[in-house]
Amino acid sequence: MTKRELKFLLTDLEVYDSKKITEEEAVQKDPQTIYHENGSVYEWEDTELDCEDMLLALQAKQTADIHSIKNICGFFAFVLCIFLIWLVLNLLAIAL
């Protein structure tokens, strides 16, 4: 995970601050310090990431990944249940 990705995660968590700037100002800035969101340009504050910030961002990413895996497993469990119900109904229809 890059430093830029960590900044994005921390910005989403409202831990890392940024300020809105104009397109003209963005051209003069380092591309690593700016990002575009919802048609606006933002610049991150000029502070260094410490270990706690990095751990918080990694924990947030891990939590998001876990939720994604849970959603996928839940979907497949639902499909399996539907298939099993269909199978039982077919077996009952054959038995009768």
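Data table
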{"item": "Sole exception among (1) touching a residue at least 12 places away in the same chain (Cβ under 8 Å); (2) surrounded by 10 or more Cβ atoms within 10 Å (Cβ to Cβ) for T22, by number", "result": "(2)"}
{"item": "Subset of the range 1-19 (residues that are among the hydroxyl-bearing types (S, T, Y) and either modelled with pLDDT of 80 or more or crowded, with 17+ Cβ neighbours inside 10 Å (or both))", "result": "T11, Y16, S18"}
{"item": "Selected residue [loosely packed, with under 10 Cβ neighbours inside 10 Å, in a loop (DSSP other than H, G, I, E, B) and of a type outside the set (A, V, I, L, M, F, W, C)] from E48, E52", "result": "E48"}
{"item": "Residue match in the range 31-40 (condition: assigned to a helix (DSSP H, G or I), more than 26 Å from T63 (Cα to Cα) and open to solvent by 70 Å² or more (accessible area, probe 1.4 Å))", "result": "yes"}
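The values are calculated or read from the model by the stated rules, or taken from the named source; none is laboratory data. These numbers come from a predicted model, not from an experiment. Note: ideal-geometry Cβ built from the backbone for every residue, glycine included; neighbour counts use all protein chains shown. All accessible areas refer to the heavy atoms of the entire protein, side chains included, with ligands and DNA or RNA removed. Shrake-Rupley method; radii C 1.70, N 1.55, O 1.52, S 1.80 Å.
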